[in-house]
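Only the coordinates and a few stated rules stand behind these numbers; no lab work does. These figures come from a predicted structure and were not determined experimentally. Reconstructed Cβ throughout: ideal geometry from the backbone, glycine too, with neighbour counts over all protein chains shown.
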């Protein structure tokens, strides 16, 4: 059946016509054979609508509260679904210096540097592993594969990070997670599937291994690398656990730690934690929601790009990894 | 360029390499040096943060003192493991919570994505299908901190739901911070966050099931339910078994970040699991040796479960995770 490879997310515009129409035919035929009864249909609709609402409604509430005017938030007991007007005081106060602004910069920096390094090192290792017949190819591949089966454990990992002198450095948020064996395997399978003819042709033309990697391997796998890069990026942005473990100095906290302290644990944000551009501090609820929104927005921005590709990426990983 | 230069002197015109006597190791290393250099940073990091830490497990057999380090700390044999058998109440509590959560997760959480996949798959319109899934995937990409915060804002004492109830004069209920409901809360959070994501694989597999099987079944007079039972579910079987095995390996890891974020609200009794026990006992509490011992046992059990499950899968004639 060709539907999986043909057109899972509408990313294969070059798909051949006849193939598609048989797939559509098959679906139509199947539809005729087993048309759903009305009970089944309405149950399904209701369940799926509720499921989607459970995801969407909280976000609407959070965004609405973060932009609602202070008195409306106070009067309605801390939660607003329909803001009377748009008031950005909360955002202004957390973004004009202070704890949240600094954490935001840390998170952006970690995500940018980390994603770049992860992509580079992952692609390099994956390329090396895709070159069968080279020295130590097999043992290296086994080391990567075996690392997927176990995790070294919390305490030993912490001790290693400490031994490397990374505690309380920004690098502790990047280096331990810079290469994911799983992603290496996914990228490698892309490299392996590149047609040999192109690589041989480049070799005949006198290209060095490095040139083949830079000029052929990377450009031809751009889509795959983009997806993996987005995955890495989301991970760095979301990293909370490593910060909890390795960063004792609150001045170096990334956004997720700030989110935990001031939203999950509900610590009060006083004037010293807020920025300077506030005359009257907005209610805590509004500030909390604004922090939450700021930490979600980057994910929402990359989401459409992620979404276009990931089912393919995940499948490759699951099937070939 | 350098690569071709290295190997070319004896024969210039692309000879089959297998024919020639195998070049010496040093020669091969020189020949493949670019590839090796490309692999170097990744391998160093992998060894440094996956394999090297394994050595750190020796502190499970030590009375480890951080300021002395592994070399100088005194060995104490199996003392740290004694906690596993002496019935230490804190440890037993963590173990009990872990096992209960494992059970809940296998029974309550595992089937949900499959049901979702079946529902979404039977939607007729491709557009609708994609729309629904786009919404349901989303929470997977949010961090646990965000998910926990969202749940608090929705269900907490001053959250949206209670707000709504209060303004309508109805009794309120606080799910967050209620120790009795903690496991229910954890379960619903996992379902909210990852059901859509987990369903991707099932949907892809469903799309790959040969449609003529359904037609054949329908011709033979199978009802829709019978078709699901006899065509769809057998089609899903290999992937279900695969995922179940993978999950088995993680069965003693029941959501570390998620739990540690919410421990404060409900107390240790209801929330401590093995992972949080290792963290609280070791890194926060300074009982390094004990924590490492518990962690080590947990990792070993996890590995054994994966290997055993894989064997069982083979015995049942399934692919399993890997072939050894």
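Note on the protein assembly as shown: Cα Rg divided by 2.2 N^0.38 Å, N the number of residues, gives 1.06. Fully extending the segment from residue B:300 to residue B:167, taken as 0.36 nm per residue of separation minus the present Cα-Cα distance, adds 42.6 nm. The modelled label-to-label distance between residue B:128 and residue B:70, using points 7 Å beyond Cα along the C-beta direction, is 5.9 nm.
Binned at 10 Å from 0, what are the whole-percent values of the Cα-Cα distance distribution for region B:170-324, short to long? Result returned by the calculation: 9, 24, 27, 22, 13, 5, 1. Look at B:165, A:220 and count the other Cβ atoms within 10 Å of each Cβ; fewest to most, that gives B:165, A:220. Per the Debye calculation on chain B with a single equal scatterer at every Cα and no solvent contribution, log₁₀ I(q)/I(0) for q = 0.10, 0.12 Å⁻¹ amounts to -0.88, -1.07.
Over all directions, the average projected area of the alpha-carbon convex hull for region A:130-258 comes to how many nm²?
That works out to 9.8 nm², a quarter of the Cα hull's surface.
For region B:81-160, the Cα gyration tensor yields ellipsoid semi-axes of 37, 20, 10 Å (square root of five times each eigenvalue, largest first, whole Å).
Relative contact order of chain B: what whole-number percent is it, with Cα pairs under 8 angstrom and at least 6 residues apart? Please list the in-between numbers first.
Values: 284 pairs, mean separation 73.6, N = 324.
For chain B, the relative contact order is 23 percent.
Quick one: pull the percentage of alpha-carbon pairs in region B:63-121 with a separation above 14 Å.
Details: 1250 of 1711 pairs.
Value for region B:63-121 (Cα pairs over 14 Å): 73 percent.
The GNM of chain B, with springs linking C-alpha atoms under 10 angstrom apart, assigns the highest mean-square fluctuation among B:253, B:167, B:106 to B:167.
What is the fewest-to-most order of A:253, A:171, B:75, A:127 by other Cβ atoms lying within 10 Å of their Cβ?
Values: A:253 21, A:171 18, B:75 10, A:127 25.
Final ranking by Cβ density, sparse to dense: B:75, A:171, A:253, A:127.
Where Rh is the Kirkwood radius over the Cα pairs of region B:255-323, the temperature 20 °C and the viscosity 1.002 mPa s, what D in µm²/s does Stokes-Einstein return? D, rounded to a whole number, is 153 µm²/s. Modelled spin labels at residue B:55 and residue A:45, positioned 7 Å past Cα toward Cβ, are 6.5 nm from each other.
Along each principal axis, taking the top coordinate minus the bottom one, the Cα set of region B:15-90 gives 69, 27, 21 Å in descending order. With both labels modelled 7 Å from their Cα along Cα-to-Cβ, the residue B:269 to residue B:104 distance reads 1.6 nm. Rounded to 0.05, the FRET efficiency of the residue B:226 and residue A:201 pair, given R0 = 56 Å and the Cβ-Cβ distance, is 0.50. Taken residue by residue and averaged, Cβ atoms of other chains lying within 10 Å of the Cβ of A:51-59 number 6.
Taking a point 7 angstrom from the Cα of residue A:193 along the C-beta vector, which residues in region B:174-205 have backbone N less than 20 Å away? From region B:174-205, the list is B:200-205.
In whole Å, what three semi-axes, largest first, describe the equivalent ellipsoid of region A:89-172 built from its Cα gyration tensor (square root of 5 times each eigenvalue)? Walk me through the numbers before you get to the answer.
Numbers: eigenvalues 276, 68, 22 Å².
They are 37, 18, 10 Å, listed largest first.
In region B:219-324, Cα pairs under 8 Å separated by at least six residues give a relative contact order of 32 percent. With 10 Å bins beginning at zero, the pair-distance distribution over Cα atoms of region A:173-213 amounts to 25, 35, 27, 12, 1 %. Taking a point 7 Å out from the Cα of residue A:214 in the direction of its Cβ, the residues of region A:127-155 whose backbone N falls within less than 17 Å of it are A:127-128. Exposure proxy shown here: for B:248, B:68, A:225, A:259, the number of other Cβ atoms within 10 Å sets the order, fewest to most, as B:68, B:248, A:225, A:259. Using the average count of surrounding beta-carbon atoms within 10 Å as a protection proxy, the listed peptides B:272-279, A:192-199 rank, highest first, as B:272-279, A:192-199.
Got the relative contact order for region A:143-255 handy, in percent, Cα pairs under 8 Å and 6 or more residues apart? Can you show the working numbers first?
Details: 52 pairs, mean separation 48.4, N = 113.
Value for region A:143-255: 43 percent.
Largest GNM mean-square fluctuation among B:251, B:125, B:299, using chain B with Cα springs under 10 Å: B:125. For residue B:112 and residue A:271, FRET efficiency with R0 = 45 Å and r from the beta-carbon atoms, rounded to 0.05? For residue A:271 and residue B:112, the calculated efficiency is 0.50.
Using the Cβ-Cβ distance between residue A:222 and residue A:281 with R0 = 35 Å, the FRET efficiency computed as 1/(1 + (r/R0)^6) comes to roughly 0.15.
As a check on your grasp of the helix formula, calculate [θ] at 222 nm for the protein assembly as shown: sum -39500 (n - 2.57) over DSSP H runs of n ≥ 4, divide by the residue count, round to the nearest 500.
One gets -19500 deg cm²/dmol as the mean residue ellipticity at 222 nm.
Multiplying the residue separation of residue B:311 and residue B:174 by 0.36 nm and removing their Cα-Cα distance gives an extension gain of 44.8 nm.
Over region A:133-197, the fraction of Cα-Cα pairs per 10 Å bin, rounded to whole percents and listed from the shortest bin up, is 16, 38, 30, 13, 3.
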